[in-house]
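Before any comments, here is the structure.
The values are calculated or read from the model by the stated rules, or taken from the named source; none is laboratory data. All figures in this text were calculated on a predicted structure; none of them were measured in a lab. Counting neighbours? That spans all protein chains shown, and the Cβs are built from the backbone with ideal geometry, glycine included. Keep in mind that these areas ignore ligands, DNA and RNA; they rest on the heavy atoms of the full protein, side chains included. Shrake-Rupley method; radii C 1.70, N 1.55, O 1.52, S 1.80 Å.
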Amino acid sequence: MGADTKSDAALFDCRDAYVRTVEELAVTDDRIVAVVNDSVGSSKLGKFRERFPNRLINVGIAEQNMVGVGAGLANGGKIPFVSGASCFLTARAMEQIKADCAYSHANVKLCGISSGVAYGELGATHHSIEDIAWLRAIDGMTVLVPSDPWETEQAIRAAASHDGPVYIRLSRMPVPALERTSTRFEIGKGEVLHEGADVAIIANGTMVHRALKAAAALKDEGVGARVINMATVSPIDKDLLADAAATGAIVTVEEGLKQGGLGGAVAEFCAESAPVPMRILGFPGFLPTGSASWLLDEFGLNAAGIASAAREVLDKRA
Amino acid sequence: MICIMPDSNGTSTGTIEDRAKHVRERANWMRRRLLKMIVDAGQGHPGGDLSATDILATLYFDVLRLDPANPLAPDRDRFVMSKGHCTGALYTAMAGRGLFPEAELASYLKPKSRLNGHPNRTYLPGVETNTGPLGHGFPVGVGIAVSGQIDDADFRTFVLTGDGELQEGSMWEAAMFAGHRGLGKLTVIVDRNRLQQGANTEDTNGLEPLGDKWRAFGWEVVGVNGHDHAELLSAFDAAAQPRDKPRVIIADTCKGKGVSFMENQAGWHHGVPNPEQYAQALAELEAEIA
Ligand SMILES: Cc1ncc(C[n+]2csc(CCOP(=O)(O)OP(=O)(O)O)c2C)c(N)n1
Ligand SMILES: [Mg+2]
């Protein structure tokens, strides 16, 4: 992993929190089922299959069918957690997600595993960096991007009790457990993890701990950076965005495409309601061959890149 | 020394036994070379690489009409790697045929390498379309063959698919259309190793009776031992005869072929041999051609 994760803090693969939570829910709620595309291993659902053999549905390598079957299971009163590599789950089954899940308002929970550039060297087909832009464009689709094991568990629980389709974007890239004062997770609400009044850094998923590191570096320079964890991209927390804009400058950072994702959602709000100088950090497009950590560093998605974007945007502040 | 390519990159001539020997030596080299790539890169898909090696060797070192100096010549035979995760096998075959320098294999998966984990035509001439998500190469291959049909061109189109890959609906949409169009210059090879990523195909979403399915879609069906070079050559030769139906060669294969501890093990779908395992694999492969 990149320099940003080399510290003494223990690191966690959030897939573990995901499967643990789905198993816990399944014990008390027999409507919970898992649907996979030959991805029992990569989704870490082997133990779920052992415990609930009838409730693990493996359709084979067939993502369109997988999402359609998920919608059918929801029709039958189940709460399906449809899990596969997020690149195939979203790109391949997009029309099933749009028509069968969102437009039909089916109670399907789509779990995109190994999102972002976790698959590094496997290349752009296996990177899932367009998913946030695609999913948040769909009416009625809730989009969650948890940042650590605790938030992953909360997101899965919130998705299970939410009536309607939810996309939960999970990573396999190890992340530290974040320190927070609040113990409440709510769909549609962001949280402030670090106070500051000069600039707001809005991040989610694997970028949150990097944003916190950037804020610590900026603090040493006398710059107050507020770090906001925006775990729900859709519907976005407009109150928190209005507060963020009041700092006078915003940087967004996500492990995804620069166009149309979290940055796009923030920019849409700011353009209409609170124009401020912004920098949007993300990937520019199809990426060259390289490991996940190399790609993150190469494209400035690390603490140094975030801090320098904050300095730039501060210069432009009114 | 073990990774030196047997000399002569060109395609073979002579009796079917001579041709099979030529292919066999190169297939053995491919196996040793691709394992080194996986070990050096620290990741890869050895199971599917090794099950496809003999098919790719037969195509690249005998069957395919192509000019390494002019890889985009309009009359080239087209090969589409629909099971795009098996780049160890594909890249060694392409380098062995002279499409890029053998030394470049050392860059596999390194930052900015042309040898991405899945093949990319914008990096590497000779790759016809970017694959990786399963179920994509075959429809593109059908489009290539339709283009040839419109132009009455004489190039042939070959598509290699995984068997698990046949669970994708797009494969059957393509099969139906190719049958409908009577694409006689299209040959699909199914790498029938009976394993997908996590388990046996028949325990996951069964494919049998596989030959009947293709026949019902308007295809000629041939079964071969996918590790017997003479059988593969005969099937490709026969497929070259004029006809008005597409042909599918269902190649009975073994995932991990040639390395005893990898054979028929779903766990070696992806993975990296440790130093002892690597040494054992090389010893087994060297014994095979000794
Ligand atoms: C659309 C899509 N879904 C899932 C995957 C993940 N995946 C990569 S290889 C593989 C198994 C392929 O099995 P098979 O086609 O039989 O190939 P082989 O046995 O020859 O390796 C899977 C599920 C993928 N690459 N593309
Ligand atoms: Mg297979």
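Bridge orientation summary for region A:105-241: considering DSSP beta bridges with both residues in this region, about 35 percent are antiparallel. The C-alpha atoms of chain A define a longest principal axis, and helix A:208-220 lies at about 10 degrees to it. Dipole size of region A:139-196 about its Cα centre, with +1 on Lys/Arg Cβ and -1 on Asp/Glu Cβ: approximately 140 debye, rounded to the nearest 20. Where is the GNM fluctuation largest for chain B (alpha-carbon springs, 10 angstrom cutoff): B:N264, B:N120, B:N205? Of B:N264, B:N120, B:N205, the Gaussian network model singles out B:N205 as fluctuating most. Candidates B:G218, B:L134, B:T253 compared by Cα position along the dipole of chain B: farthest toward the positive end lies B:L134, with charges placed on Cβ. The residue among A:S293, A:V313, A:T206 whose Cα reaches farthest toward the positive pole of the charge dipole of region A:191-315, with charges on the beta-carbon of Lys, Arg, Asp and Glu, is A:S293.
Judged by the ratio a/c of the largest to the smallest principal axis of the C-alpha gyration tensor, region B:131-170 counts as prolate, that ratio being 1.5 or greater while a/b is larger than b/c. When the P(r) of the protein assembly as shown is calculated, the portion above 49 Å amounts to 16% of the C-alpha pairs. Counts of other chain beta carbons within 10 angstrom of each beta carbon in peptide A:115-123 average 5. Quick check on region A:11-176: take the gyration tensor over C-alpha atoms, sort the square-rooted eigenvalues as a ≥ b ≥ c, and tell me if it's rounded (a/c under 1.5), prolate or oblate. Judged from the Cα gyration tensor, region A:11-176 comes out rounded (a/c under 1.5). For region B:166-182, backbone phi angles converted through the Karplus equation (6.51, -1.76, 1.60; θ = phi - 60°) give residue-by-residue couplings of 6, 6, 6, x, 4, 5, 7, 5, 5, 4, 4, 6, 5, x, 4, 7, x Hz, Gly and Pro being listed as x. Where only DSSP H runs of four or more residues are counted, chain A gives -10500 deg cm²/dmol as its mean residue ellipticity at 222 nm, each run worth -39500 (n - 2.57). As a length-normalised measure over Cα pairs under 8 Å and 6 or more apart, the relative contact order of region B:16-289 settles at 23 percent.
Computed packing ranks the peptides B:23-31, A:177-185, B:233-241 as B:23-31, B:233-241, A:177-185, most packed first, by mean other Cβ atoms within 10 Å. Near the amide H of A:I79, within less than 5 Å, lie the amide hydrogens of A:I32, A:V33, all on another chain or at least 5 residues away, with H placed in the peptide plane.
Relative to the longest principal axis of the Cα atoms of chain B, the long axis of helix B:46-58 makes an angle of roughly 60 degrees. Across every direction, the projection of the convex hull enclosing the Cα atoms of region B:16-289 has a mean area of 13.2 nm².
For region A:191-315, the Kirkwood radius over C-alpha pairs fed into Stokes-Einstein at 4 °C and 1.567 mPa s yields D = 92 µm² per second.
Evaluated with a Cβ-only charge set (Lys, Arg +1; Asp, Glu -1), region B:92-217 carries a dipole of roughly 360 debye about its Cα centre, given to the nearest 20. Inter-chain neighbour count for B:110-116: the average number of beta-carbon atoms from partner chains within 10 Å of each residue's beta-carbon is 5. Per residue of peptide A:41-49, the mean number of Cβ atoms on other chains within 10 Å of the residue Cβ is 1. Cα centroids of region A:275-318 and region B:172-235: 47 Å apart. The solvent-accessible area of B:H269, taken with every protein chain present and a 1.4 Å probe, is close to 20 Å². For the protein assembly as shown, the dipole from Cβ point charges (+1 on Lys and Arg, -1 on Asp and Glu) about the Cα centre works out to 220 debye, to the nearest 20.
If you line up the long axis of helix B:16-41 against the longest principal axis of chain B, both from Cα atoms, how many degrees apart are they, to the nearest 10? Roughly 60 degrees between the two axes.
Say we join alpha carbon atoms closer than 10 Å with springs in a Gaussian network model of chain B; which of B:E231, B:E220, B:E202 then has the biggest fluctuation? Checking each option, the largest mean-square fluctuation is seen for B:E202. Here the Gaussian network model covers chain B, with springs between Cα atoms less than 10 Å apart; of B:N70, B:N130, B:N116, B:N70 fluctuates the most.
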